[in-house]
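Taken together, the values in this text are just the output of simple stated rules run on the coordinates, not laboratory data. What you see is a predicted model; the values in this text were computed from it and never measured. Cβ atoms come from the backbone with ideal geometry, glycine included; neighbour counts cover every protein chain shown.
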Amino acid sequence: MTSETITAAASGTWTLGDRTVNRIGFGAMRLPQTGSALVADAVPRDREQAVRVLRRAVELGVNHIDTAAFYFSPLRSANELINRALAPYPDDLVIATKVGQPRDPSGAWLPHAGPEQLRGLVEENLRQLGRDHLDVVNLRIVGTGSIAERFGVLAELRQAGLVRHLGLSNVHPHHLDEARAIAPVVCVQNMYGLGVRPDQDAFVRTCGAQGVAFVPFYAIAATGRQAGAVGAEHPEVLAVARGRGVTPAQVRIAWTLHRGPHVLAIPGTGDPAHLEDNVAAGSLRLSDEELALLDSAHRTSG
């Protein structure tokens, strides 16, 4: 596939509430600096390169961008870069953000936000992105306790028109049940990928049965998490990649999308070439034999 024919539309579509998105999206965590915006000593990324990557993503048909106000480095903010690159925003662009665990200006994590703080965190995202409403706000959870009071605050902001749709991040199945009793939930965003959290398989299926999008993070980085892909790759992934003439990262993205039509990929990068590879992976259709091989590696990991 040449760069002229790469399109996120090849990945298929899913509907988040009343918004239709291509299943290959873009994660903004790595935009502010190399590595991750959550790593204190990473190198700030060139601002113009980050802007070019965002604009190129939209040119390639990406219309679902995942971000957060806490994706920042001392010199860069993911939301600010998105605003600079893409405003005025295309009508079909869905920007999903998350609130719940803020960071102070130094980058240190603060205690989990209580109900009284959530409106301010939503307004911070609105200000940074230059919008009068947010398409999707995910409540990021830490722990297993009740989320009713905090999710209820976001439900009120949805009723007030500041938020269009609600989702959950870093949650357990009982959190989804609790939230859905309060307001509609359009997506769940959890760590998941080939060989990453195979215990999540049942939850992925549950989300699909309930019409809720499942949006995995660290699907490429795997156990490397914020540091990116590290360590040896699974032999099964390498075998499929060699057979198809693609990269292991593309195999991982394709496998993720094969988990169900409700699974949305949000690979992130600040590298234009990696961006095109990631989007191109949306057109990769794995055979039953390849899926069986990869599934075996997935089940024996974790």
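Results, tabulated for the structure shown:
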quantity	calculated
Longest to shortest principal axis, alpha-carbon extents of the chain, angstrom	53, 42, 36
Residue-span extension gain [Ala232 to Arg84] - 0.36 nm each, minus C-alpha spacing	49.5 nm
Expected 222 nm ellipticity per residue - DSSP helices of 4 or more, -39500 (n - 2.57), all of the chain, to 500	-10500 deg cm²/dmol
Using alpha-carbon coordinates, inclination of helix 248-257 to the longest axis of the chain, degrees	60
With Cα atoms, 0 to 90° folded angle of helix 148-159 axis to the chain main axis	80
Anisotropy class of the stretch 9-124 from Cα gyration tensor, a/c 1.5 cut	oblate
Rh by Kirkwood over Cα pairs, then Stokes-Einstein D for the stretch 55-185 at 1.306 mPa s and 10 °C, µm²/s	104
As computed over the stretch 49-100, the Cα convex hull volume per residue (Å³)	71
Residue among Tyr71, Tyr218, Tyr89 with the largest mean-square fluctuation in a Gaussian network model of the chain, springs linking Cα atoms under 10 Å	Tyr89
Relative contact order of the chain, pairs being alpha-carbon contacts under 8 Å that are 6 or more residues apart, as %	20
Rough spin-label spacing in nm, given labels placed 7 Å along Cα→Cβ, for Glu48 and Ser106	3.5
Cβ-Cβ FRET estimate between Asp132 and Arg55, R0 fixed at 30 Å, reported to 0.05	0.85
Integer Hz, Karplus 6.51/-1.76/1.60 couplings in order for the stretch 292-297, x for Gly and Pro	4, 5, 5, 4, 5, 5
Built amide H within the under 5 Å cut-off of Met191, gap 5+	Asn170, Phe217
